[in-house]
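Single-structure report; data block below.
Every number here is computed from the coordinates shown, using simple stated rules; none is lab data. Quick caveat: nothing in here was measured; it's all calculated off a predicted structure. With ideal geometry, Cβ positions are generated from the backbone for all residues, glycine too; neighbour counts draw on all protein chains shown.
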Amino acid sequence: MSVHAAPRKRVTLGALAAKKDAGEPIVMVTAYDHPGAQIVEAAGVDVVLVGDSGAMTVLGYDSTVPVTVDEMLMLTKAVRRGLTAPLLVGDLPFGSYEASDGQAIATAQRFIKEADCDLVKIERGGTSVERARALVAAGIPVVGHVGLTPQTATALGGYRAQGRTAEAARAVIDDALALQDAGCSLLVVEAVPSEVTQALVPLLDIPVIGIGAGPDADGQVLVFHDLLGLYDGGAAKFVKRYAHLRTDAVAGVAAYAEEVRSGVYPAPEHSYSMPAEEAAQLREMTAAR
Ligand code: KIV
């Protein structure tokens, strides 16, 4: 596997559209902090989402619902400081955009001005279509999100695949078309049967990024902690683990604890020293006390 050592050209929305046209898959991943941003930058991904999944993966909430705008902005700013080339998407948290177009614009402007995001993401069709239209009219590029929308998972019957009947699939597709019509630049489709994605992608001009939506999307997104095995919890059916960092991390910290307790660490090579004559003088000084 190669990693990008030299700085890459900044990814643009035009570059994503060109990838879609060329049938070249778009790679999107989440990140929530500065080291995570540096890792995904070095790995050469196209788009980085500071997802409100960070509520669960890094802030320890039970769902994405409680996370606040200020918490999301702190995570997003840390990621921004570690990124150069990929597009950065800020995720507007639950309760920060639904009430009115004015609320959506004010929240999104904070993500653009304070965290230097390239785009913001909002969930659902319905009233979110109007919010998307207002954001685009205010000059803010928007990512839509349909299918399983975790912010309103309770209303959807829990964290479960959506669009599993023809009628339900049509509702997902209708939401997607409405969001494109509202001016969205990208669309995330989460947890739908592959057949829904197969039907949807040819109907849309904008790139469709799937998560648990099969292989036919224009790109894929996964949660950083899921793909690296950093998250201690059950993973959804669509998650593939590419590393097992939690196991390695626990083993590393346990080995450190063992070496501290047994006196193996720190060894001479981890310690500073002073010239012998200075050490002798210090011994004399302390002995005289
Ligand atoms: O919050 C998030 O990480 C997301 C992705 C799963 C698309 O919305």
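For the reader, a short list of remarks on this structure follows.
- Ranking GLY126, GLN151, VAL221 by how far each Cα lies toward the positive end of the dipole of segment 13-243 (charges on Cβ) leaves VAL221 at the top.
- Per residue, the chain reaches -12500 deg cm²/dmol at 222 nm when only DSSP H runs of four or more residues are counted, each adding -39500 (n - 2.57).
- Hydrodynamic estimate: the Kirkwood radius of segment 248-287 over Cα pairs, inserted into Stokes-Einstein at 4 °C and 1.567 mPa s, corresponds to D of 103 µm²/s.
- Per-pair calculated FRET efficiency, R0 = 22 Å: ASP205 and ALA171 via Cβ, rounded to 0.05: 0.60
- Distance between the pseudo-spin-label points of TYR265 and ARG8 (7 Å out from Cα toward the beta carbon): 3.3 nm.
- Choice from GLU167, GLU278, GLU98 with maximal GNM fluctuation in the chain (Cα, 10 Å cutoff): GLU278
- Cross-linked pairs LYS113/LYS240; LYS20/LYS121; LYS20/LYS113; LYS9/LYS237: Cα-Cα separations exceed 23 Å for LYS113/LYS240; LYS20/LYS113; LYS9/LYS237.
- Placing unit charges on the Cβ atoms only, positive for Lys and Arg and negative for Asp and Glu, gives segment 248-287 a dipole magnitude near 140 debye about its Cα centre.
- Positive-end extreme of charge dipole, the chain - chosen from ILE26, ALA108, VAL48 (charges on Cβ): ILE26
- Dipole magnitude for the chain: about 100 debye, using +1 per Lys or Arg Cβ and -1 per Asp or Glu Cβ, origin at the Cα centre.
- Sites ALA249 and ALA15, calculated FRET efficiency, Cβ-Cβ separation with R0 41 Å, nearest 0.05: 0.75
- Largest mean-square fluctuation among VAL221, VAL58, VAL120, in a Gaussian network model of the chain whose springs join Cα atoms under 10 Å apart, belongs to VAL58.
- Between THR30, THR84, THR76, the GNM of the chain built on Cα springs shorter than 10 angstrom shows THR84 fluctuating the most.
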